[in-house]
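Just below is one structure, and these are the notes that go with it.
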Amino acid sequence: MKRRNFLGYSLLFLAGCTTTTRTGSNGSSPSAPTNSVSNQTPEKLRFTVTDVQGLEALEKDYGQFRQTLEEVLETPVEFFPVESYTAAAVALQGNQVDMILTGPSEYVVINSRTKASPIVAITRQDYHSMVIVPADSSIQTLADLKGKTIAMKKSGSTSGHLGPTKLLIDAGLQPQTDYKTEMLGFPDGFKAMREGKVDAWGGSFTDFQSLSKTEGLADTDFRILQEGPPLPSDLIMVSELLPAELTAEYTQRIIDNKDKLIQALVTGEETENMPVPNWLLPRIQIMK
């Protein structure tokens, strides 16, 4: 499974989360552990990513992030693999996991089933869905896709399924009746479009941008039928069983070390085993 793409992401402080807005007795945000907080620190934090299956994949794609998170929180962090976001919700309910990284669509399900709190959002510029056809295609508008086959990423993916589907619905096309969808993953779905096996590709601009840079694709090779609005952020959530004071401290530590954590997230991208170029590093904003 291709890892969640974090090139160009930024960490944002989530306003309105009660666990992240607690202050110390002097009115300042907690920055150093107090005796009461340190006494509540668990022996380890169990961490998972909802769209990565298996310990080996977690270690490969998020091993550097886990190590950096461990340093920042001054708490041992170990992976707890899950098969899906629904399994992550069950793990939260069963006190098997303490912290998760999840997408916005997955968050809706997890939030409906647990009392886990989102503490930071991970967002990026230019994160939106799009629908593309080859430049020589006779398809000129989304409406022309009626009766056609469209490659997408995977069922439930925010940018690779829900976003493109919303664009098609807004154009008057109904899923399963007006067009056929093939969940081929990425970049296989895009490749299928290039080879003429499907009529169009629906996915995220960041995936398209990444592939364009790695394979040297020209703008004249494809035609964008429609681009969507900015998509919601990914989220880091914590279990309700963690003490509120400890959650507040962990949140502040993440914010204070956002640059280091972002660098750890982008490690293992398409630029794996290569230095991450400066132009890819995010512009960090904190919303209070």
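The numbers here are math on the coordinates, done by the rules we state, and not lab data. Since the structure is predicted, the reported quantities are computational estimates derived from the model, not experimental observations. Heads up, the Cβs are rebuilt from the backbone with ideal geometry, glycines too, and the neighbour counts pull from every protein chain shown.
Once you have the Kirkwood Rh of the range 128-230 from its Cα pairs, apply Stokes-Einstein at 37 °C and 0.692 mPa s and quote D in µm²/s. Rounded, D is 250 µm²/s. Packing-based ranking of 142-149, 232-239 yields 232-239, 142-149, ordered from highest to lowest mean Cβ neighbour count within 10 Å.
What order do you get for Thr75, Thr141, Thr123 when you list them from fewest to most C-beta neighbours inside 10 Å?
The most exposed by this proxy come first: Thr141, Thr75, Thr123.
Here the Karplus curve 6.51 cos²θ - 1.76 cosθ + 1.60, taken at θ = phi - 60°, turns the phi angles of the range 249-260 into couplings of 5, 4, 4, 5, 5, 4, 5, 5, 10, 4, 4, 5 Hz, with x standing for Gly and Pro.
Among DSSP beta bridges whose residues both lie in the range 128-230, state the antiparallel percentage, nearest 5. Percentage antiparallel, nearest 5: 60. Per-residue 3J(HN,Hα) values for the range 67-84, derived from phi via the Karplus relation 6.51 cos²θ - 1.76 cosθ + 1.60 with θ = phi - 60°, read 5, 5, 4, 4, 5, 5, 8, 6, 9, x, 10, 10, 6, 10, x, 10, 7, 6 Hz in sequence order (x marks Gly and Pro). Among the GluC sites (Glu not before Pro) found in the range 51-92, those both in a DSSP coil and sparsely packed, with 16 or fewer other Cβ atoms within 10 Å of their Cβ, are Glu74, Glu83. In sequence order, the range 175-181 has phi-based couplings of x, 6, 10, 9, 7, 9, 10 Hz under the Karplus curve 6.51 cos²θ - 1.76 cosθ + 1.60, θ = phi - 60°, and Gly or Pro positions carry x. Note on the range 87-114 and the range 172-223: Cα centroid distance 30 Å, given to the nearest whole angstrom. In a DSSP loop and with at most 10 other Cβ atoms within 10 Å, the GluC sites (Glu not before Pro) in the range 115-215 are Glu195.
For the set Lys146/Lys197; Lys153/Lys258; Lys166/Lys213, the pairs lying more than 20 angstrom apart at their alpha carbons are Lys153/Lys258; Lys166/Lys213. Divide the volume of the convex hull around the Cα atoms of the range 86-180 by the residue count and you get 123 Å³ per residue.
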